[in-house]
Amino acid sequence: FFRVSAMFLHLLFPWKKHMGRDRAHSASRLKLLIDNKVTVASHTDTPVAPPKPLEEIWIACSRRMAGRGGSGSVAAPAECVTPMQALRMKTIDAAHVIGLDDLLGSIEGGKFADLTVLSDSPLDVDVDDIRSIEIVATVIGGRVIRRNGMKPDWSLSCAPKANIPRGFWPGVLWLYEATSKPNSWTRWLFGILRHWLT
């Protein structure tokens with residue numbers, strides 16, 4: 001497997017000076033990896049690059065560069081991936097790479113039902129419109145978080161099965177505790193830390 005940030009390609013302009021145009025333009029060779037059956041996870045390396053999943057999907061599909069001198073140009077167009085391939089890199093394949101594909105990455109029985117509701121499908125719009133798709137809501141642990149005052153015409157009628165704590169660090173520690181081997185010292189440690197933080 002391989003983890004890569006398409007965002008680096010988008011912010012590539014200063015790299016040309018250090019790497020040379022040819023090497024810089026062939027950075028983030030997503031299509032080559034996928035064509036060779038490598039599982040690819042897309043990430044941002046935050047705080048190095050901003051966490052904007054839809055923009056990362058757009059960059060992986062369009063390979064458009066930003067910045068002075070690179071604005072709008074396409075770097076190595078043969079390396080563009082399809083929207084479905086880019087979605088897999090942010091969901092199913094990302095979960096596999098971090099070893100949590102039995103809990104995350106897709107909506108199916110036995111997994112967390114955490115998901116994002118979008119105004120449009122990245123599979124149904126032009127590639128250049130992917131970055132403009134609105135986030136309508138996010139569902140985490142059975143809680144619906146609406147975005148930008150948009151009111152979805154649905155409601156969530158199920159209750160979460162797990163008592164997932166609120167907050168970033170308690171949630172991360174809960175996830176590590178839930179995925180650790182039973183009776184291991186790491187499970188015990190993560191449980192102590194989580195209770196201490198909540």
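Quick notes
- Of the residues in region 67-89, at least one is crowded, with 19+ Cβ neighbours inside 10 Å, out of contact with any helix residue (DSSP H, G or I) (no Cβ under 8 Å at 6 or more places or on another chain) and closer than 30 Å to residue 19 by Cβ.
- Condition check for residue 114: modelled with pLDDT of 85 or more and of a type in the set (D, E, K, R): no
- Look at region 30-41: where a residue is farther than 13 Å from residue 89 by Cα and a partner is surrounded by 14 or more Cβ atoms within 10 Å (Cβ to Cβ), sitting 6+ places away or on another chain with Cβ atoms under 7 Å, you get 32/79.
- All positions within region 123-145 that are open to solvent by less than 40 Å² (accessible area, probe 1.4 Å) and either in contact with a Cys (Cβ under 6 Å, 6 or more places away or on another chain) or not in a loop (DSSP other than H, G, I, E, B) (or both): 130, 136, 137, 138, 139
- Residue 63 meets the conditions (1) of a type in the set (Lys, Arg); (2) in contact with an Asp or Glu (Cβ under 7 Å, 6 or more places away or on another chain); (3) open to solvent by 30 Å² or more (accessible area, probe 1.4 Å) in every case but one. The failed one is (3).
- Residues (at pLDDT 70 or above and over 19 Å from residue 111 (Cα atoms)) located in region 141-168: 145, 146, 147
- Taking the numbered list (1) at pLDDT 90 or above; (2) in contact with a Pro (Cβ under 7 Å, 6 or more places away or on another chain) in turn, residue 44 passes all entries but (1).
- Where a residue in region 73-85 is free of Cβ contacts under 8 Å to residues at least 40 places away in the same chain and its partner, wherever it lies, is open to solvent by less than 40 Å² (accessible area, probe 1.4 Å) and not in a helix (DSSP H, G or I), with Cβ under 7 Å and at least six apart: 73/65; 74/63; 77/63
The values are calculated or read from the model by the stated rules, or taken from the named source; none is laboratory data. Model, not experiment: these values are computed from the prediction. Backbone-built Cβ (ideal geometry, glycine too); neighbour counts: all protein chains shown. Areas reflect the complete protein model, heavy atoms only, side chains present, ligands, DNA and RNA absent. Shrake-Rupley method; radii C 1.70, N 1.55, O 1.52, S 1.80 Å.
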